[in-house]
Each structure stands twice: as C-alpha cells, then as structure tokens.
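For reference, the structure is listed below as structure tokens.
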Amino acid sequence: MSVELATRLIDVLGGLLLFTMLLILAAGQVFRAIYAVAAQAVFLGIAGAVLAAATGSVDLWIIAGITIGAKAILLPWLLIRVVRRVHISREIEPVIPTTVTLTLAAGIVVLAFHLNASLGSVRQAITGNALPVGVTLILIGVLVMASRRKALVQMVGLFASENGIFFTAMAVSQGMPLIIEIGVILDVVLGALVMGILVLRVRSSVDADIADLESLRG
Amino acid sequence: MESSVAHLARTALQAALLVLLGPLVTGFIQKLKARLQCRRGASLWQPYRDLAKLLRKGTVQSDTASPFFRAIPVLVLAATVTTAAMLPVLWAPSGPSSLPLGDAILLVALLALARFLLAIGALDAGGAFGGMGASREMTVGLLVEPALMLAVFSVAVSGGTTDVGLLAARREALALSWTAPDLLALFAMLILALAETGRIPVDNPDTHLELTMLHEGMLLEHSGPGLACIVLATHVKQLVILTLVAALFLPLGLARGAAPGELALALAAFAVKVVLLATFLGLVESSYAKLRFFRVPQFLGLGLVCAFLALALRVL
C-alpha cells in the first residue's frame with residue numbers, strides 16, 4: 001500500500017473515529033453508547049491494519065487483530081451482559097445536559113487541532129492528522145466519564161479514552177511495542193471485568209448508583 | 001462561459017424534472033415503508049392521484065384569515081420550485097455561468113422563506129393547532145438552518161465556490177476523494193435531511209394526531225388547490241434536499257454535453273443516487289420511533305456539532 005493512500009485512509013478513519021465519539025456523547029441510551037464504542041474499536045482496528053499494510057510491520061497486524069477481537073467484540077459483549085443483568089433503566093442520565101457536553105466536545109476538537117500546529121515535529125508523515133484526533137478521543141472520553149452518572153457509561157468513556165491513547169501511539173510512533181500493547185489490552189479487559197463484577201455486586205447488595213455516593217460525607 | 005439561453009433551458013428542464021419526480025420519491029418511500037411493515041402499500045403513483053384529487057376540490061377558508069392567506073400556497077410553491085432550479089441534476093456546468101441564478105446561500109434562504117411563509121399562514125388562519133405546529137416548525141428550523149449552512153460551507157471551502165453546480169463539477173473532477181471533513185459534513189447532512197424532509201425521528205409525515213405533528217399541523221387550515229400546492233412543495237423540497245446531498249457528496253455521472261448516451265447515463269446516476277438516499281430515509285423511518293419534541297434539539301445538536309467540526313477541520 002502506498003504511503004499517500006495510507007495517509008488518506010487514516011485521515012478518513014480519524015473522521016469516523018471522531019463521529020463515533022460524538023455518537024457516544026449524544027447517545028440517549030446505554031446500548032447505543034456501547035454499540036458506538038464497539039464501532040469505534042472496529043475503525044481503530046482497521047486503522048491499525050492500514051498502518052500495518054503501509055509499514056509492513058507484523059506487530060501492528062497482531063495488534064489490529066487483538067484490538068478488533070478484544071475491544072470490538074469481547075468488551076461490548078461483556079458490557080451488554082452486565083446491562084441486561086442489572087436491569088438498570090436504559091436511559092443515560094447526564095450530569096450536565098447533552099447539548100452542553102456536545103458544545104464542550106466541539107471546543108475540545110478545535111483546541112486539539114489548534115494545538116496540533118505546535119506539535120508538528122512530533123507526528124509522523126504517514127499518519128497525518130491522527131495525533132489531534134487521538135488527543136481529542138482521550139479528552140472527550142474523560143468528558144464522558146465526568147459527565148455521566150451511570151458506572152457503565154463511565155466505562156464506555158474509559159474505553160473510548162483508551163482507544164484515543166492507542167490512536168495517539170499510532171500517530172507518534174508506529175504503535176507501542178507488542179508486549180506493552182498486549183499488556184494494556186489485558187489490563188483493560190481485566191479492568192472491565194472487575195468493574196462489571198463490582199457493578200453487579202453493588203447493585204445486588206445495596207440498591208445504589210454511583211451518583212448516590214456523592215451524598216456520602218465523611 | 002456558456003450561452004445564457006442554453007443555461008436557462010437546462011435550468012428549466014432540471015427544475016421541471018425535480019418538480020415532476022418529487023411526488024414519485026414520496027411514493028417510493030411510502031411503498032418501501034409499507035413493504036417493510038409487510039403491507040402491500042399504495043401504488044407508487046398515489047401522491048400524484050392525491051394531488052389531482054385536491055386540485056379538483058373547492059377551497060374552504062377560515063373566517064379569520066386575511067386575504068394574504070390565499071397567496072401563501074402559491075408563494076411557498078414558488079420559493080421551493082426556485083430552489084429546484086439551482087441544483088445540478090443532469091448537467092454539470094463547464095464554467096461560471098454568464099447568468100448566475102443563485103447559489104447555495106440563496107437556496108437555503110429560499111427554503112427558510114418557504115418555512116416562514118407556511119408558519120405565517122398557519123398563524124394567520126387562527127387555528128390552535130396551526131399556531132402550535134408553526135411554533136414547533138420554527139424551533140426545528142432554528143436548529144436546522146445554521147447547521148445546513150455550516151455543512152454546505154464546509155464543502156464550499158474545498159470547492160472554492162458556493163454555486164452548487166460548480167461545486168459538484170469541481171468535486172467530480174476529484175472523483176470522490178473524501179477526507180475527514182467530508183465524512184463529518186455528510187453525516188451532518190444525513191441527520192439534517194431527516195429533519196428538513198419532516199421525517200421520523202423529528203416529525204411524522206403520516207400522522208394527523210394533534211400532539212405529534214409539526215409540518216402537518218400548519219397545513220390543517222389549507223384546502224383544495226391551495227393544499228395541493230403546499231403538498232407538492234413538500235414533495236419537491238424533499239427531492240431538493242436529497243439532490244443537494246447528492247450534488248455535494250456524490251457528484252458522479254453528471255453530463256457535460258447533450259449527447260443522448262451521456263444524458264441517459266446522467267439520468268441513471270441521478271436515479272441511483274436518489275433511490276439510495278430515499279431508501280436511507282425509509283429505513284430510518286421504519287426502524288426508529290419519533291423523538292419526544294424536547295429530545296429533538298439533542299438529535300439535531302449532533303448534526304450541528306458534526307457540521308461545525310466539518311467546517312472547523314477544513315479551516316484548521
């Protein structure tokens with residue numbers, strides 16, 4: 001695959017990643033947010049495969065495969081299972097209105113692309129605009145975690161942030177070393193398992209939500 | 001520069017095509033929805049029959065309506081048909097026209113004018129539902145119009161012109177080299193198209209239930225040939241929006257000359273694009289529920305942010 005084509009494909013995939021991020025932010029229901037983060041992981045995997053084809057790196061092929069397998073299939077399946085088990089309401093309850101978070105997200109994107117101008121020396125020629133897109137995903141993921149009440153949606157925000165870190169790693173170097181990538185993915189899966197079990201246990205022993213913890217005073 | 005006579009003839013032909021095919025697209029979407037609901041559905045030509053029936057009927061008018069009320073259907077239809085003249089349907093212009101008939105900005109403004117006239121008419125007639133429908137329609141319009149402008153501008157920046165025909169011709173030369181801003185603008189346009197054509201999840205074109213209608217609420221006081229004009233304008237507006245999306249994002253297969261083979265190809269390409277987009281509308285309408293009205297700003301907010309980002313990424 002030629003470098004030009006790879007740059008263009010990565011650019012387009014960056015646009016798709018941004019769009020799925022906005023979908024997660026605008027989702028009114030838990031399931032939609034989960035499907036959106038799964039789609040995001042698929043696009044991330046495809047971006048990894050494109051980069052692998054352009055650079056001929058075997059590690060990147062493996063990482064792309066693991067990304068699709070773990071983040072696009074395993075984690076969403078796990079999340080959907082937890083949602084079905086705990087019988088929570090399907091509506092996402094935002095702390096601040098969704099329209100406000102969307103506006104904030106637009107600000108974040110503009111900021112990230114603006115800062116990108118001063119980071120020109122860091123990024124690779126082949127990945128083009130991947131760096132600001134990655135930074136945007138990280139920041140909006142944090143925004144999702146901060147502005148949603150449900151633990152499960154906060155997990156979705158965490159995964160989106162993680163996707164952003166992955167994409168940033170792709171933008172500045174050709175991904176991290178294989179062993180670190182696998183370690184990170186294992187961490188994420190383990191984290192998701194622990195959080196999923198925790199949510200289930202909290203729901204079954206005390207009928208409380210994350211937001212209720214705010215009223216705890218020491 | 002092409003001669004003004006040829007330009008005018010082409011424009012008139014394209015506008016006539018859009019006006020004539022408008023009801024057929026509505027018929028197609030209704031047929032598709034019926035098939036998805038395992039019904040047989042009305043014939044594809046049903047919208048034409050409805051229009052013919054309305055044209056034969058007499059007009060009944062509210063006592064409180066002013067004389068201006070009678071002019072509204074004609075004005076709405078005129079504004080909408082004028083927008084149809086600004087789009088490249090079959091031909092891509094070879095260069096700037098010697099007789100510019102309007103660009104994307106005027107197109108959006110005329111759509112806004114038609115919306116404004118409809119709302120004024122609904123208020124003029126004095127019906128309660130008309131007022132409610134007008135208020136809701138204007139709220140939706142407030143969210144749709146700026147986003148539509150942003151999405152169009154995002155494409156216009158890359159093409160260096162706001163004339164939709166020239167834009168399509170220049171982008172056709174690039175042969176679909178989509179970049180990230182194009183994708184975001186396309187998503188924004190698809191979301192806005194749902195609102196602008198008055199379809200689920202924003203509005204339900206089939207219902208006449210008083211609490212849910214937006215667009216239909218404004219038509220309640222119109223009857224006979226006047227109603228026919230407005231209904232035809234609605235069909236045409238829908239096709240205009242679809243053609244605008246096709247011209248901005250899928251400008252393929254446009255003819256340059258008047259050779260029959262080239263024209264047949266352009267017509268086939270146009271049909272494929274419109275069927276594709278109409279299928280999208282029908283599928284969304286069949287698989288989603290109508291949003292509560294207070295949820296609509298959230299849905300359209302996604303379109304607005306996408307359109308804004310499409311422009312921001314293009315400029316940054």
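The values are calculated or read from the model by the stated rules, or taken from the named source; none is laboratory data. Source: prediction; values computed, not measured. Glycine gets a Cβ as well: all are built from the backbone with ideal geometry, and neighbour counts include every protein chain shown.
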Does residue A:118 count as within 14 Å of another protein chain (Cβ to nearest Cβ) and in a helix (DSSP H, G or I)?
-> yes
Pairs under 8 Å by beta carbon, first residue at the interface with another protein chain (Cβ under 10 Å from one of its Cβ atoms) and farther than 19 Å from residue B:303 by Cβ in the stretch A:84-107, partner assigned to a helix (DSSP H, G or I) and of a type in the set (A, V, I, L, M, F, W, C), six or more apart or different chains?
-> none
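Condition test on residue A:136, is it of a type in the set (S, T, N, Q), within 15 Å of the chain's Cα centre (by Cα), in a helix (DSSP H, G or I) and more than 14 Å from every other protein chain (Cβ to nearest Cβ)? Give the derivation first.
Working: of a type in the set (S, T, N, Q): yes; within 15 Å of the chain's Cα centre (by Cα): yes; in a helix (DSSP H, G or I): yes; more than 14 Å from every other protein chain (Cβ to nearest Cβ): no.
So residue A:136 does not fit the description; no.
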Qualifying residues in the stretch A:96-114 (those that are at pLDDT 90 or above and hydroxyl-bearing (Ser, Thr, Tyr)) - the one nearest to residue B:316 (Cα to Cα) | A:103
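Residue check: is residue B:170 over 29 Å from residue B:297 (Cβ atoms) and outside any loop (DSSP other than H, G, I, E, B)?
Numbers: over 29 Å from residue B:297 (Cβ atoms): yes; outside any loop (DSSP other than H, G, I, E, B): yes.
Considered against the rule, which asks whether it is over 29 Å from residue B:297 (Cβ atoms) and outside any loop (DSSP other than H, G, I, E, B), residue B:170 comes out as yes.
To keep it simple, each residue is scored yes or no on (1) at pLDDT 95 or above; (2) surrounded by 16 or more Cβ atoms within 10 Å (Cβ to Cβ); (3) within 28 Å of residue B:54 (Cα to Cα).
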residue: B:251; (1), (2), (3): no, yes, no
residue: B:259; (1), (2), (3): no, no, no
residue: B:281; (1), (2), (3): no, yes, yes
residue: B:295; (1), (2), (3): no, no, no
residue: B:298; (1), (2), (3): no, yes, no
residue: B:306; (1), (2), (3): no, yes, no
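May I ask you to say which residue of B:50, B:63 is assigned to a helix (DSSP H, G or I), charged (D, E, K, R), out of contact with any His (no Cβ under 7 Å at 6 or more places or on another chain) and over 28 Å from residue B:266 (Cα atoms)?
Residue meeting the stated conditions: B:50.
Rundown of residues vs (1) buried (at least 23 other Cβ atoms within 10 Å of the Cβ); (2) at pLDDT below 90; (3) in a helix (DSSP H, G or I), yes/no style:
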site	(1), (2), (3)
A:10	yes, yes, yes
A:13	yes, no, yes
A:16	no, no, yes
A:21	yes, no, yes
A:33	yes, no, yes
A:42	no, no, yes
A:69	no, no, yes
A:73	no, no, yes
A:83	no, yes, yes
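Under the condition of being charged (D, E, K, R) and part of a helix (DSSP H, G or I), which residue from the stretch B:205-244 is farthest from the chain's Cα centre (by Cα)? Talk me through it step by step, then tell me what you get.
Residues of the stretch B:205-244 charged (D, E, K, R): B:206, B:210, B:216, B:221, B:237.
So of that shortlist, the ones also part of a helix (DSSP H, G or I) come out as B:216, B:237.
Details: B:216: 16, B:237: 3 Å.
Once the filter is applied, the top-ranked residue is B:216.
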Which condition number does residue B:249 fail, the rest of (1) within 14 Å of chain A (Cβ to nearest Cβ); (2) out of contact with any Asp or Glu (no Cβ under 8 Å at 6 or more places or on another chain) being met?
-> (2)
Kindly list, by first and then second residue, each pair from a residue in the stretch B:284-303 that is facing another protein chain (nearest Cβ under 10 Å) to a residue that is among the aromatic types (Phe, Trp, Tyr), limited to pairs with Cβ atoms under 8 Å and residues at least 6 apart or on different chains.
-> B:291/B:299; B:303/B:187
Quick one: in the stretch A:30-39, which of the residues that are more than 14 Å from chain B (Cβ to nearest Cβ) and within 12 Å of the chain's Cα centre (by Cα) is nearest to residue A:136 (Cα to Cα)?
-> A:37
Which residues, counting only those in the stretch B:67-100, are in contact with a Pro (Cβ under 8 Å, 6 or more places away or on another chain) and either in a helix (DSSP H, G or I) or without any contact (Cβ under 8 Å) to a residue 60 or more places away in the chain (or both)?
-> B:73
Among the residues of the stretch A:158-182, which ones are surrounded by fewer than 23 Cβ atoms within 10 Å (Cβ to Cβ), modelled with pLDDT of 85 or more and not hydrophobic (A, V, I, L, M, F, W, C)?
-> A:161, A:168
Picking from B:265, B:291, the residue that is under 30 Å from residue B:94 (Cα atoms) and surrounded by fewer than 22 Cβ atoms within 10 Å (Cβ to Cβ) would be B:265
Report yes if some residue within the stretch B:193-204 is outside any helix (DSSP H, G or I) and over 16 Å from the mean Cα position of the chain (by Cα); otherwise report no.
-> yes
Which one is farthest from the other protein chains (Cβ to nearest Cβ) among residues in the stretch A:11-29 that are touching a residue at least 60 places away in the same chain (Cβ under 8 Å) and within 9 Å of residue B:302 (Cβ to Cβ)?
-> A:25
Which listed residue is modelled with pLDDT under 90 and closer than 30 Å to residue B:247 by Cα, from B:67, B:100, B:73 | B:100
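Provide a single number: the residues in the stretch B:156-174 that are within 14 Å of chain A (Cβ to nearest Cβ) and either touching a residue at least 60 places away in the same chain (Cβ under 8 Å) or acidic (Asp, Glu) (or both).
Residues of the stretch B:156-174 that are within 14 Å of chain A (Cβ to nearest Cβ), as a first pass: B:158, B:174.
Applying the additional criterion that residues be either touching a residue at least 60 places away in the same chain (Cβ under 8 Å) or acidic (Asp, Glu) (or both) yields B:158.
Count: 1.
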